[in-house]
Amino acid sequence: MAEIDSEWFHGQLEGRGQSLRALARHLGKDASAISRTFSGKRRMTMEEAVEIAAFLGTSVTEVMHHAGIAGRARTPGDSESLGPEILLSAMIGEDGELRALPEPQPLPQAILDRAPLAIGASRHRAVIAAQLRASSGPLSIWDDAVLFFAPSDGIEPSAIGALSICGLRGGKQILARLDRARKTGEARVVLPAGKIEEAMLATAAPVLVLIP
């Protein structure tokens, strides 16, 4: 079982004046079950990650990152040097918004073989794969493409000027080019349709690779 960043979750609750018991009520779970989750004795499900993100006002991928569910351990026969297996964990719709899947799914080996940069990054940090599903609009040229990114706790310097997964304050995540950003979170993003918007970002992670 992947290690959970218990300190981060408790810090998020404390910073929002919330308690573990209040979170448990939000999830419809017993407080002892959530306590076991945060202590690493019980695995967090994707459904819980979505609800916890909403409760904390942060992104699903950030919760997944700190919960250790962005990747799944390989079988004992696999080489540890390859790092954790990268799973398809989200979809990106025509509006460019990233939405977590109920359960992560394995990726075809043919896709992984074409993503050496993402696989290399996964040796040191969690990497998430997301599939674009857009039958119309500007993202339709990438319909069915798979992109990889490594969730971040803040705005990565390498995201500026690059196609990135931008986490807005409040939890929503979008695919956009990050034109500029300040340490305060004030940023300018270029949406897929070419529209430029001012936004307040919590996180931004560059797309490592996009596989058509």
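The values are calculated or read from the model by the stated rules, or taken from the named source; none is laboratory data. Keep in mind that what you see is a predicted model, and the values were worked out from it rather than measured. A quick note on method: Cβ atoms are made from the backbone with ideal geometry, for glycine too, and the neighbour counts reach across all protein chains shown.
Can you confirm whether SER136 is hydroxyl-bearing (Ser, Thr, Tyr), at pLDDT below 95 and assigned by TED's automatic domain parsing to the domain that holds GLU197? Don't jump to the end; show me each part of the working.
Values: hydroxyl-bearing (Ser, Thr, Tyr): yes; at pLDDT below 95: yes; assigned by TED's automatic domain parsing to the domain that holds GLU197: yes.
Here the answer is yes, as SER136 does meet what is asked.
Could you say which residue among LEU117, LEU101 is surrounded by fewer than 19 Cβ atoms within 10 Å (Cβ to Cβ), farther than 15 Å from LEU175 by Cβ and modelled with pLDDT of 85 or more? Talk me through it step by step, then tell me what you get.
Working: LEU117 fails: modelled with pLDDT of 85 or more.
Exactly one residue qualifies, and that residue is LEU101.
Would you list the strands (runs of 3 or more DSSP E) that sit entirely within region 95-212 and hold 1 or more residues that are among the acidic types (Asp, Glu)?
Strands (runs of 3 or more DSSP E) meeting the threshold: 98-106, 173-181, 186-190, 196-211.
Conditions (1) free of Cβ contacts under 8 Å to residues at least 40 places away in the same chain; (2) within 24 Å of PRO108 (Cα to Cα); (3) buried (at least 22 other Cβ atoms within 10 Å of the Cβ), marked per residue:
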residue	(1), (2), (3)
ARG133	no, yes, no
SER140	no, yes, no
ASP143	yes, yes, no
PRO157	yes, no, no
GLY161	yes, no, no
SER164	no, yes, yes
LEU175	no, yes, yes
LEU178	yes, no, yes
THR184	yes, no, no
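State yes or no: is GLU51 within 16 Å of GLU103 (Cα to Cα) and either surrounded by 15 or more Cβ atoms within 10 Å (Cβ to Cβ) or in the same structural domain as ALA100 (by TED's automatic domain parsing) (or both)? Steps first, please.
Numbers: within 16 Å of GLU103 (Cα to Cα): yes; either surrounded by 15 or more Cβ atoms within 10 Å (Cβ to Cβ) or in the same structural domain as ALA100 (by TED's automatic domain parsing) (or both): yes.
Spelling it out, GLU51 is indeed within 16 Å of GLU103 (Cα to Cα) and either surrounded by 15 or more Cβ atoms within 10 Å (Cβ to Cβ) or in the same structural domain as ALA100 (by TED's automatic domain parsing) (or both).
Test ARG42 against the criterion of being assigned by TED's automatic domain parsing to the domain that holds MET64, within 17 Å of GLU103 (Cα to Cα) and not β-branched (Val, Ile, Thr), and give yes or no.
yes
Applying the selection to region 1-51, what residues are of a type in the set (D, E, K, R) and part of a helix (DSSP H, G or I)? Reasoning before the result, please.
Looking only at region 1-51, we keep the residues that are of a type in the set (D, E, K, R), and these are 3, 5, 7, 14, 16, 21, 25, 29-30, 36, 41-43, 47-48, 51.
If the condition is that a residue be of a type in the set (D, E, K, R) and part of a helix (DSSP H, G or I), then GLU7, GLU14, ARG21, ARG25, ARG36, GLU47, GLU48, GLU51 are the ones that fit.
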